[in-house]
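To keep things clear, I will list the structure first and then write my remarks on it.
The values are calculated or read from the model by the stated rules, or taken from the named source; none is laboratory data. Here the structure is a predicted model, which means the values were calculated and not measured. When we count neighbours, we look across all protein chains shown, and the Cβ atoms used for this are built from the backbone with ideal geometry, even at glycine. Accessible surface areas use protein heavy atoms only, side chains included; no ligands, DNA or RNA. Shrake-Rupley method; radii C 1.70, N 1.55, O 1.52, S 1.80 Å.
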Amino acid sequence: MWSSLREVFARELVVLVDPTNPQHARRRKQLTVAVGTVFTLGMAAAMGVAPRNAFDDPLAPRVEQALRMPDVRQQLELLTETDEQSVYVRQERMQRGDTIATLLRRLGVDDPDAQSFILKNPTARGLFGLNPGQTVQAEIDDSNLLVALQANLGGDAASSRELVVERVAPQKDGGDYTYRARIASVDNDVHYEMASGAIENNGFFKSMDAANVPDEIVSQMISIFSGVIDFHHDITRGDRFRIVYEAGFRDGAFVRNGRVVAIELINRNTLYQALWYSPTDGEPGAYYTFDGRSMKRPFLRSPVEFSRVSSGFGGRDHPLHHKWAQHKGVDFAAPTGTKVFASGEGTVEFVGQQNGYGNLIILRHAGGYSTYYAHLSGFAGLRDGQHVGQGEVIGYVGSTGWATGPHLHYEFRYNDVPQNPLTTTLMEAPTLTGKSRSEFLNYTSAMLSRINMLRTYNVLTASN
Ligand SMILES: [Zn+2]
């Protein structure tokens with residue numbers, strides 16, 4: 001199996017990895033835990049025993065942030081001991097159109113001093129950045145005065161930034177209460193969630209919804225495989241996937257999803273696997289195949305954003321049915337305005353209009369390659385000679401020039417001769433070498449034997 005995997009990737013274009021993750025040591029540790037967890041989960045699943053943290057309440061909302069509950073008892077005890085005051089805790093969600101005044105009112109706070117502090121204090125004004133649906137929690141005393149207010153400002157799966165506004169006792173007897181605001185970093189508990197499923201008739205995104213894969217995990221999936229799979233053309237009914245990803249929890253409450261740590265996709269009977277790995281030599285973390293090859297490629301398989309809107313566009317009746325051989329390019333049907341990405345790193349050789357092509361961008365890449373992006377509705381402020389990175393937005397889908405409907409006409413050329421980007425074979429994938437490689441193989445060998453065992457149990461089935 002692994003030699004055939006190697007063949008698959010040897011056919012692909014490859015380049016070394018560029019993502020950044022300064023916290024690689026921590027990640028690596030988490031991943032080690034993840035791997036253990038993943039395959040423990042996998043084994044349990046194989047035997048029909050659903051472990052709690054992976055399968056608990058699959059319908060629970062996964063995009064909304066929940067707030068951690070403070071240890072209220074402790075505070076209550078403290079307050080009871082000191083000044084016999086009671087503290088009430090209330091939690092509300094931000095609503096569209098909320099002001100600080102309406103939010104505080106719903107929280108039961110009647111405290112003009114606190115309100116004016118929040119309006120003026122730059123840190124406390126972080127509340128204005130919250131989105132509808134996000135949670136704010138207030139502690140108030142018997143007189144409806146604010147004791148403390150907390151809101152989660154975001155972060156990653158491993159930690160959250162929490163805004164805290166708190167009342168400060170007067171310095172001297174008879175003095176006034178003051179307030180202070182601070183942002184605290186709080187550690188989350190990282191759990192590993194598993195999702196698996198198959199692509200059904202209703203398309204990629206609906207199938208992901210059916211398998212309860214959160215949107216942010218879906219976009220990571222698309223990005224991880226962007227060098228090997230053209231999601232617009234390649235994904236098809238019957239493709240299967242299995243994903244393991246981090247999810248951060250605070251005191252049992254879901255906070256946010258994190259990184260995909262391991263993923264498998266069977267696309268048209270070809271198995272693609274990727275694993276997040278941070279070498280210990282200081283290289284940034286990245287996705288690798290299980291035999292240590294980078295998932296990065298010099299060119300994206302699809303230079304058009306793959307989204308809920310663009311994925312089903314055109315359908316079977318769309319007039320675009322050009323074959324590559326007929327016009328030396330690949331067409332991507334997508335609504336006008338859909339983002340077009342630089343498929344590889346390069347420089348802008350041409351940006352403007354050309355007969356037939358309409359609005360056209362030509363990028364020049366290393367090694368004699370160039371790419372053409374035609375029929376655009378607009379450009380993303382490009383100049384001739386400008387450097388662009390892979391995946392950078394360069395323009396927007398349109399129907400300028402000779403186009404029957406909005407689509408991107410994409411050409412991939414070598415020494416100015418159009419190639420079929422879907423079948424072109426280029427360099428061998430670079431692999432981890434030296435110490436990194438032996439560490440990686442060490443790390444994956446345990447996983448491989450477990451995965452092979454899982455296969456015998458046939459966990460990855462079309463039904464789930
Ligand atoms: Zn075309």
Exercise for the section: Tell me, please, whether a residue that is at pLDDT below 90, touching a Lys or Arg at 6+ places or on another chain (Cβ under 8 Å), within 25 Å of ALA101 (Cβ to Cβ) and buried (at least 17 other Cβ atoms within 10 Å of the Cβ) can be found in region 161-172. Expected result: yes
Fill in the blank from the handout: Conditions (1) in contact (Cβ under 8 Å) with a residue 12 or more places away in the chain; (2) over 19 Å from GLY248 (Cβ atoms) -> THR135 fails only (2)
Fill in the blank from the handout: Filtering region 390-426 down to residues that are under 28 Å from the mean Cα position of the chain (by Cα), open to solvent by 20 Å² or more (accessible area, probe 1.4 Å) and more than 16 Å from the ligand (Cβ to nearest atom) yields GLN390, GLY391, GLU392, VAL393, TYR396
Exercise for the section: Kindly list the number of the only condition in (1) more than 16 Å from the chain's Cα centre (by Cα); (2) part of a strand (DSSP E or B) that fails for PRO170. Expected result: (2)
Problem - Verdict on GLY155 being open to solvent by 10 Å² or more (accessible area, probe 1.4 Å), out of contact with any Gly (no Cβ under 7 Å at 6 or more places or on another chain) and among the small types (Gly, Ala, Ser) - result: yes
Completion exercise
Only one of (1) among the hydroxyl-bearing types (Ser, Thr, Tyr); (2) in contact with a strand residue (DSSP E or B) (Cβ under 7 Å, 6 or more places away or on another chain); (3) within 20 Å of LYS296 (Cα to Cα) does not apply to THR423, and that is (2)
Problem - Qualifying residues in region 347-385 (those that are assigned to a strand (DSSP E or B) and open to solvent by 50 Å² or more (accessible area, probe 1.4 Å)) - the one farthest from the ligand (Cβ to nearest atom) - result: THR347
Exercise for the section: Could you list all residues from region 111-127 that are touching a helix residue (DSSP H, G or I) at 6+ places or on another chain (Cβ under 9 Å) and either touching a residue at least 12 places away in the same chain (Cβ under 8 Å) or not in a helix (DSSP H, G or I) (or both)? Expected result: ASP111, ALA114, GLN115, PHE117, ILE118, LEU119, ALA124, LEU127
